[in-house]
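Written out below as C-alpha cells is the structure these notes cover.
The values are calculated or read from the model by the stated rules, or taken from the named source; none is laboratory data. All values derive from a computational prediction rather than experimental measurement. With ideal geometry, Cβ positions are generated from the backbone for all residues, glycine too; neighbour counts draw on all protein chains shown.
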C-alpha cells in the first residue's frame, strides 16, 4: 500500500490544475486534503529517515498528477500485490470508471458497506472532529442539510455503486464486505480478503481487532438516527432483499426507529452496540455474507 491511505487520484487529482503554490493557498477540498497530508507526512518523516520514502513523498506531493505519476506511486510494491483505499471512488461517474478499467482491467475491487443510517452520521462525526466542534455547537438544520446533499446520498447508494462498477468489472472481481464483519469476524474477513486477492491467507498481520482511527463519539442523537432511518428506508429494504444477513439487521434498525422511536436522547453507536442488535439477533439470527460479489449473490 502507498504511504498515504487515500490517494484520491481518479476523483480529484486527475483534474488538478496548477502547481504547488496554488495548493498551498487553495480553498478547494483537494487543496485542504493535500495540506493535511503534507503536514502529517512531515511529522512522520523525522521517524522514518528513509531515502526511498523521501523520494516517494517528493513524487506524491510535488509531482504533476497523471496516469504515469499514479503508477509510480506503487513502484515500492513492485512484485507484490499492490493497491490503495480511497472511499470516494465509490461515487466515480461512468467516464472515470471506464478510465480506471482502461488502465487496470484486471483490478480487484473491494467495497465495504455499513448501515446506511450510520454512514452519513459517521461522515458528519469525522467532519466535527476535524473542525474541533461538538454536536451542540451546530444547528440541527446544518446536519439535515449535510445528510441530504448530493454527495451524501451518492455515497450511501450502495446498489448504484455496485451497478456502476459492475458495468466494467465482472462479479468475481468485486468483493462486497460488511462493517459488522470487522467487528464480529475480523480474522475470517481478513482471510476472505486474502483469498480474493490471491495472497497467502495464513499470514498474520498484527491484531485484527485493534481499532484504527475510531470515532470520538460512541452515541448518535436519536433524532438524527430517526431522520436517517426515514430517509434511507427504501434503499435499506432493497439491500435486505438482495443480500439478507447484516442488511436485514439494517432494515430492522430502520423500521424500529421509524415505528417505535426510542425515548432516549442518544443511542449507542454503532448499532451493534445497542439493544437493537440483541433484539434482532435473538429473533432472526445472523448470516455472514462478506465475499466476492458473485458468491454473495448466490448466497442471498
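Some notes on this structure:
- Qualifying positions in region 228-241 - touching a residue at least 60 places away in the same chain (Cβ under 8 Å) and under 20 Å from residue 283 (Cα atoms): 236, 239
- Pair list, Cβ under 7 Å, 6 or more apart: region 31-45 residue under 13 Å from residue 62 (Cβ atoms), other residue assigned to a helix (DSSP H, G or I): 34/23; 38/61; 41/57
- In region 253-268, residue farthest from residue 116 (Cα to Cα) [restricted to those that are in contact with a strand residue (DSSP E or B) (Cβ under 7 Å, 6 or more places away or on another chain) and surrounded by 12 or more Cβ atoms within 10 Å (Cβ to Cβ)]: 266
- Residue 52 vs. criteria surrounded by 15 or more Cβ atoms within 10 Å (Cβ to Cβ), touching a helix residue (DSSP H, G or I) at 6+ places or on another chain (Cβ under 9 Å) and at pLDDT 75 or above: no
- Residue selected from region 271-284 under the condition within 21 Å of the chain's Cα centre (by Cα) and surrounded by 20 or more Cβ atoms within 10 Å (Cβ to Cβ), by the criterion farthest from residue 181 (Cα to Cα): 271
- Checking 199, 182 one by one, the residue that is at pLDDT 90 or above, touching a helix residue (DSSP H, G or I) at 6+ places or on another chain (Cβ under 7 Å) and over 25 Å from residue 143 (Cα atoms) is 182 and no other.
- Subset of region 14-23 (residues that are at pLDDT 75 or above and not in a loop (DSSP other than H, G, I, E, B)): 14, 15
- In region 82-111, the residues that are crowded, with 18+ Cβ neighbours inside 10 Å and more than 15 Å from residue 70 (Cα to Cα): 90, 91, 92, 97, 109
- Qualifying positions in region 144-172 - without any contact (Cβ under 8 Å) to a residue 40 or more places away in the chain, under 24 Å from residue 222 (Cα atoms) and in contact with a helix residue (DSSP H, G or I) (Cβ under 8 Å, 6 or more places away or on another chain): 146, 152
- Positions within region 66-92 being in a loop (DSSP other than H, G, I, E, B) and under 30 Å from residue 160 (Cβ atoms), in sequence order: 66, 73, 74, 81, 82, 83, 84, 85, 86, 92
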